[in-house]
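Here's the structure, in structure tokens; my notes come after.
The values are calculated or read from the model by the stated rules, or taken from the named source; none is laboratory data. Just so it is clear, the model here is predicted, and its values are computed rather than measured. Glycine also receives a Cβ, built like all others from the backbone with ideal geometry; neighbour counts cover every protein chain displayed.
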Amino acid sequence: MSVREESSAITAAGKPVSRFGARNWAGIVVVLVLAALPLFLANFTIFQLTMMLIYAIAILGLNLLTGINGQFSLGHGAFYAIGAYTAAILMEDAGLAYGWTLPAAGIVCFLSGFLFGLPALRLEGIYLALATFGLAVAMPQFLKLSVIEPWTGGVQGIVITKPDAPFGLPLSQDQWLYYFTLVVGLLLYWFAVNLVSSRSGRALMAIRDNPLAARAMGVNNALYKSLAFGVSAAFTGIAGALGAIVVQFVAPDSFTFFLSVALFVGLVVGGVGWLPGALVGGAFVVFVPNVAEHFNKALAGAVYGVILILLIYLMPTGAGGLVRKVADFIGRRMKSRPDR
Amino acid sequence: MTRTNSRLAILGVLAAATALTVVAASADETTGITDKTIKIGNIMPYSGPASAYSQIAKTDAAYMKMLNDNGGVCGRQIEFISYDDGYSPPKTVEQARKLVESDQVALIFNSLGTGTNTAIQKYMNAKKTPQLFVATGASKFGDPEHFPWTMGWQPDYVSEGKIYARYLLKNMPDAKIAVLYQNDDYGKDYLAGLKAGLGDKASMIVAEQPYETSDPTVDSQMVNLKGSGADVFFNVATPKFAAQAIKKAAELGWKPAQLLNSVSNSVGAVLKPAGFEASKGVISALYLKDSQDPQWKDDEGMKKWNAFMDKYYPDGDKNSSFTVYGYSVSQTLEKVLEGACDDFTHSGIMKSAANMKNVDLDLTPPGIQVNTSATDFYPLQDMQLIKFDGERWQPFGEVVSGADTQ
């Protein structure tokens, strides 16, 4: 399978830190486990895992914006919706093969994100969060507009045909879509890691840490912030396209404001600024509501809230912070002691 | 080192997995059914914006409990599994797959919502697992030709539109009709039904005004409708807007005959805020008895329902139409299952569901019966017309059918 490029992705992931090797190995183990899982699980569970990967990709995009560039967004559900609808319309109306809808969704969302990022440049922090919140609230209504109904199907949405595994591979539809999503996810992760460790990535982080200083050093703040918005939206849009293909259905009800909140929660739980945390966030988005429901159906919302509060208390910096703490702890144990 | 080994192992598992999927694909007709039990799945928004509806599933669950206490159906105990989808279609797909593939239910019963049910319709039909009595009035869930495993239950919006059309043709053949409707599938279904019912006299409609759920009020639409000179006002709005429309008509001094869609015929939520004086004479339709209506005080069916609520769902709200709804739809399922005792399989149950002839329910008013056939997947299509007398709804006239063949 795609182990080869995966491992190289992980190599790139290892930022110049002391425990380079350990990180590398941890990454390979995670990827191997992810690649092996569908072989042992029922189709339904594979479907859930696919959804987890899809949300992880969306959260990865959000993390680039919030964690790396320091801009808040409560509206990424809107870009997810745009990506999903792009894929659905291209597949059902234009008869495009599902694979090609991903770059299309990425480009459409990059442009929408970039354009939205331009006016949003004037907004900082919570004001930007509010503007994006507006985007998320408006999106389901927008999708119902009668002007674009011939394409979007209005409230009825669009039903999509699920693709089979190509080349006669002995995989079920769910297994195939899982591996397809996994490969796309790893490619995007590899891209994100490279972006972060590049010149542009450093510029993005400089803007986050001190916009004035970044500017003094010659960084074009406006351009980079808009680009960050575009790239982030593109990631989320690709996730949306994958989501549409896997769920086989898009409708305005699928992309309510709650989706944006779920992505934001996933980001915080996974760890803001820690890219692999997206996977943890994705798992949280998919599985924790099920766990909450398992405890008590009538109080599912309350149980979910309690779990969230506990998590934030126990690991205030998300899974990323927890991993760092544990790594530090082990590191200190293994080293003799003195330095600190 | 272990690479070749693991590769072999992976290949082996892959082969096994494909073999398994092949077996699973040849859809087992008795999945979820044993000699002693039948597993029934349900999906409902327990959380999220539509969570008020979850009372329906709680009533369903209580009804199944009652059936089990009375010996089950066809000698089988019912195992009722209900999951939360928060009214979000992607989650509905996940929960439906969990029910079908992991819990292995025999059928999914009374799942709620239009988008949510659309999302799983294709899947359920591919799995040849019944998707029975979906809780939505959208007309698209009665399409046996393309979706032979999916069936609605309540009178769909198109049928109800036809009912009003038939009433008008009979009683006010020269009426000029003005329509206010919500600009989505729900509103358009009603409008389509009205037009279909009027047939070649559809020109009786002199004005149509859509509104968006995002509109703050429907005042301007009402002014336009009044200006059309219509003498019949067909109000296809959800409760908040329906109340606004009735109120505005009174304020404008416009006094047409008013038809109110059944979605909004709640006295407490619509007519009271609109004003009882302004609501006097409004006509609507119903297909279930109103638990608060004193005329049913000594009704056998209503007594059974009261006893059921007291024993099996004491926390339930007796004022709510949801508990009446849940009881009635569950009773329909009971009758379908009983009719399938000889052929207790997925297709046997579906056949029984498509073969109901003049079935009476405890809580349908006299004259309203469940009817289906191999080509008619709309169980309830008849409604009783009612008129508001300034205090409560009074039935009048006979039951009107919304079915195509009268």
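In a helix (DSSP H, G or I) and touching a residue at least 60 places away in the same chain (Cβ under 8 Å): is that true of A:GLY240 in this structure?
Yes, satisfied.
List, please: which pairs have Cβ atoms under 6 Å, are six or more places apart or on different chains, and start with a residue in the range A:128-157 that is in contact (Cβ under 8 Å) with a residue 40 or more places away in the chain and charged (D, E, K, R) and end with one that is assigned to a helix (DSSP H, G or I) and surrounded by 14 or more Cβ atoms within 10 Å (Cβ to Cβ)?
A:LYS144/A:GLY154; A:LYS144/A:VAL155; A:LYS144/A:PRO252
What's the total number of residues in the range A:263-291 that are under 25 Å from A:LEU195 (Cα atoms) and assigned to a helix (DSSP H, G or I)?
Matching residues across the range A:263-291 total 15.
Please find, among B:THR59, B:THR118, the residue that is hydroxyl-bearing (Ser, Thr, Tyr), on the phi < 0 side of the Ramachandran plot and within 13 Å of chain A (Cβ to nearest Cβ).
B:THR118
Applying the selection to the range B:360-402, what residues are farther than 27 Å from B:PRO148 by Cα and assigned by TED's automatic domain parsing to the domain that holds B:ALA307?
B:ASP362, B:LEU363, B:PRO365, B:PRO366, B:GLY367
Can you tell me which residue is nearest to the other protein chains (Cβ to nearest Cβ) among those in the range B:121-138 that are surrounded by fewer than 24 Cβ atoms within 10 Å (Cβ to Cβ) and touching a residue at least 60 places away in the same chain (Cβ under 8 Å)?
That would be B:LYS127.
Can you find, within the range A:149-160, the residue that is surrounded by the fewest Cβ atoms within 10 Å (Cβ to Cβ) among those that are at pLDDT below 80 and at negative phi?
Here the answer is A:PRO150.
From the list A:PHE110, A:PHE142, A:PHE116, A:PHE133, pick out the single residue that is within 14 Å of chain B (Cβ to nearest Cβ) and not hydroxyl-bearing (Ser, Thr, Tyr).
A:PHE142
Tell me the residue from A:LEU212, A:LEU187, A:LEU169 that is under 21 Å from the mean Cα position of the chain (by Cα), over 30 Å from B:GLY113 (Cα atoms) and not β-branched (Val, Ile, Thr), please.
It is A:LEU187.
Residue-by-condition table, conditions (1) loosely packed, with under 15 Cβ neighbours inside 10 Å; (2) within 14 Å of chain A (Cβ to nearest Cβ); (3) more than 19 Å from B:LEU191 (Cβ to Cβ):
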position: B:SER214; (1), (2), (3): yes, yes, yes
position: B:THR217; (1), (2), (3): yes, no, yes
position: B:GLN221; (1), (2), (3): no, no, no
position: B:LEU225; (1), (2), (3): no, no, no
position: B:GLY229; (1), (2), (3): yes, no, yes
position: B:PHE233; (1), (2), (3): no, no, no
position: B:THR238; (1), (2), (3): no, yes, no
position: B:PHE241; (1), (2), (3): no, no, no
position: B:LYS247; (1), (2), (3): no, no, yes
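Which members of the range B:326-345 meet the condition of being among the aromatic types (Phe, Trp, Tyr) and surrounded by fewer than 22 Cβ atoms within 10 Å (Cβ to Cβ)?
Within the range B:326-345, B:PHE344 is the sole residue that qualifies.
Could you list, in sequence order, the residues of the range B:191-202 that are over 16 Å from B:LYS170 (Cα atoms) and surrounded by fewer than 19 Cβ atoms within 10 Å (Cβ to Cβ)?
Hit for the range B:191-202 is B:ALA192, nothing else.
Return only the number of the condition from (1) at pLDDT below 90; (2) surrounded by fewer than 23 Cβ atoms within 10 Å (Cβ to Cβ) that A:VAL184 does not satisfy.
(1)
List every residue pair whose Cβ atoms lie under 9 Å apart, where the two residues are 6 or more positions apart in sequence or sit on different chains, the first residue falls within the range A:316-340 and is among the acidic types (Asp, Glu), and the second residue, located anywhere, is in a helix (DSSP H, G or I) and modelled with pLDDT under 85.
Pairs that qualify, where the first residue is among the acidic types (Asp, Glu) and the partner is in a helix (DSSP H, G or I) and modelled with pLDDT under 85, are A:ASP339/A:ARG332.
Do we find that A:ALA298 is over 24 Å from A:MET51 (Cβ atoms) and within 14 Å of chain B (Cβ to nearest Cβ) in this structure?
The answer is yes for A:ALA298.
Identify the single condition in (1) closer than 16 Å to B:MET64 by Cβ; (2) exposed (fewer than 15 other Cβ atoms within 10 Å of the Cβ) that B:ILE349 does not satisfy, given that it satisfies every other one.
Tallying (1) closer than 16 Å to B:MET64 by Cβ; (2) exposed (fewer than 15 other Cβ atoms within 10 Å of the Cβ), B:ILE349 fails exactly one: (2).
Taking the stated definitions as given, is A:LEU74 modelled with pLDDT of 85 or more, touching a helix residue (DSSP H, G or I) at 6+ places or on another chain (Cβ under 9 Å), of a type in the set (A, V, I, L, M) and not in a helix (DSSP H, G or I)?
In short, yes.
Tell me, yes or no, whether the range A:214-222 has at least one residue that is part of a helix (DSSP H, G or I) and within 13 Å of another protein chain (Cβ to nearest Cβ).
Checked the range A:214-222: no residue is part of a helix (DSSP H, G or I) and within 13 Å of another protein chain (Cβ to nearest Cβ).
I need a count of the residues in the range A:235-271 that are away from chain B (no Cβ under 12 Å) and at pLDDT below 90.
1
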